[in-house]
1. What are the GluC sites (Glu not before Pro) within the range 41-116 that DSSP puts in a loop, where the Cβ has at most 16 other Cβ atoms within 10 Å?
2. Averaged over every viewing direction, what's the projected area of the C-alpha convex hull for the range 57-141? Give it in nm², one decimal, please.
3. At q = 0.06, 0.13 Å⁻¹, what log₁₀ I(q)/I(0) does a Debye calculation on the Cα points of the chain give, no solvent, two decimals?
4. Just from the alpha-carbon atoms, what are the Rg and Dmax of the range 258-303 in angstroms?
5. What value does the range 279-322 have for Rg/Rh, both radii from Cα atoms and Rh as Kirkwood defines it?
6. Work out which helices of the chain, taken as complete DSSP H runs, extend at least 20 Å along their axis over the Cα atoms and score a mean Kyte-Doolittle of -1.0 or more, then list them.
7. Round to a whole number: what % of the accessible area of the chain belongs to carbon and sulfur, probe 1.4 Å?
8. Based on the alpha-carbon gyration tensor of the range 49-93 and its eigenvalue square roots a ≥ b ≥ c, which shape applies: rounded if a/c is under 1.5, prolate if not and a/b is larger than b/c, or oblate?
Amino acid sequence: MQKWVYLLLTTLLFSTYLTSCENFLSEPTPPGKSRLNVVKNRGKLHCGVEGALPGFSFVDQNGNYSGIDVDFCKAVAAALFNDPNAVEYRNLDSTERFTALNGGEVDMLSRNTTWTISRDTTVGLEFAPTTFYDSQGMMVRADSGITSLDDLQDKSICVVAGTTTELNLTDNLRQRDIEAETLTFQQADQAYAAYAEGRCDGMTSDKSQLLGRRSTLPNPDTHTILDVTMSKEPLGPVTKNNDSAWFDVVKWVTYTLIEAEELGITQANVDDLKQNSEDPTIKRFLGVEGDLGEGLGLSNDFAYRVIKQVGNYGEIYGRNLGAQSQFKLPRGQNDLWTNGGLLYSPPFR
């Protein structure tokens with residue numbers, strides 16, 4: 001009898017221990033221990049990017065970074081430090097990005113990362129608002145005769161490991177009963193190099209990535225992106241889960257870029273509007289009135305800092321992907337909701 005009592009007590013104690021561990025792991029980060037404090041004390045943002053994707057994040061021979069994802073890093077730095085250059089970029093491939101974020105190597109990801117339920121839950125990530133609504137596509141050689149996914153029967157396709165693209169490809173081939181060889185690569189550079197060498201007939205990824213990477217191939221015009229949509233790919237900044245103070249900063253800086261465009265606030269007119277506008281919404285947004293920044297642990301003029309030094313969403317899109325860029329990519333879904341797009345910010349009040 002004593003043996004059974006002992007076993008019962010031991011089981012109960014062990015169960016209590018496991019429950020306490022689970023509660024500890026699931027508890028939100030205390031405000032004083034938030035990543036926000038770490039970043040502020042360091043005086044620099046560590047931002048994880050792709051680093052080789054023109055239009056999104058690309059580093060040139062002089063070590064200068066550019067792209068829409070890079071500008072979102074700069075926007076967070078501007079809000080925090082009034083300095084968009086207070087950023088240290090880390091180039092991360094698709095298989096190491098989440099480990100780097102959860103391990104604290106970077107403070108946030110701004111790296112063409114798709115928002116999915118499993119990443120939002122079991123992987124332990126927190127997704128800020130979508131900054132680019134994308135979809136998966138397929139790139140082939142223009143003279144290949146391939147005009148649809150069905151034409152890839154008995155052919156080979158290159159894909160990057162650790163991406164939603166990999167599973168989407170498998171699903172699409174199964175749905176269409178297409179037999180094709182899949183060549184998987186650890187890094188995007190390896191996959192595109194294999195495609196350029198002719199080792200595979202097709203290259204699949206987000207359409208935006210295919211567009212950017214095509215521009216780096218020896219003869220871009222000899223490659224075409226098929227008019228097919230294989231998935232939904234909502235892309236945006238990412239932080240580690242259970243740290244609401246830091247997540248709120250990244251989230252609302254992202255919304256700042258969208259709200260500024262809707263309000264018609266640009267780099268060129270933000271000073272004038274801050275000084276002369278009588279619109280209470282604009283005065284509150286730019287920190288002339290109210291204390292919206294204080295609630296985030298930022299200065300009340302954080303939105304002014306962001307727009308003055310980085311611009312609004314439309315300006316960021318225009319210079320990296322739109323009319324002022326080499327891509328001339330129409331806004332489409334990535335336009336404001338007032339223009340028929342999907343971009344929408346909650347009120348700043």
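The values are calculated or read from the model by the stated rules, or taken from the named source; none is laboratory data. Keep in mind that what you see is a predicted model, and the values were worked out from it rather than measured. Note that we place each Cβ from the backbone using ideal geometry, even for glycine, and neighbour counts take in every protein chain shown. Heads up: the accessible areas ignore ligands, DNA and RNA and are worked out on the full protein's heavy atoms, side chains in. Shrake-Rupley method; radii C 1.70, N 1.55, O 1.52, S 1.80 Å.
1. Numbers: sites: Glu50, Glu88, Glu96, Glu105; in loops: Glu50, Glu96, Glu105.
Filter output for the range 41-116: Glu105.
2. 7.4 nm²
3. Results for the chain at q = 0.06, 0.13 Å⁻¹ read -0.26, -1.00.
4. 10.1, 28
5. Values: Rg = 12.2 Å, Rh = 11.2 Å.
Taking Rg over the Kirkwood Rh, I get 1.09.
6. Those that pass (Cα extent of 20 Å or more, hydropathy at least -1.0) are 2-26, 244-263.
7. Percent of accessible area from carbon and sulfur atoms in the chain: 50.
8. prolate
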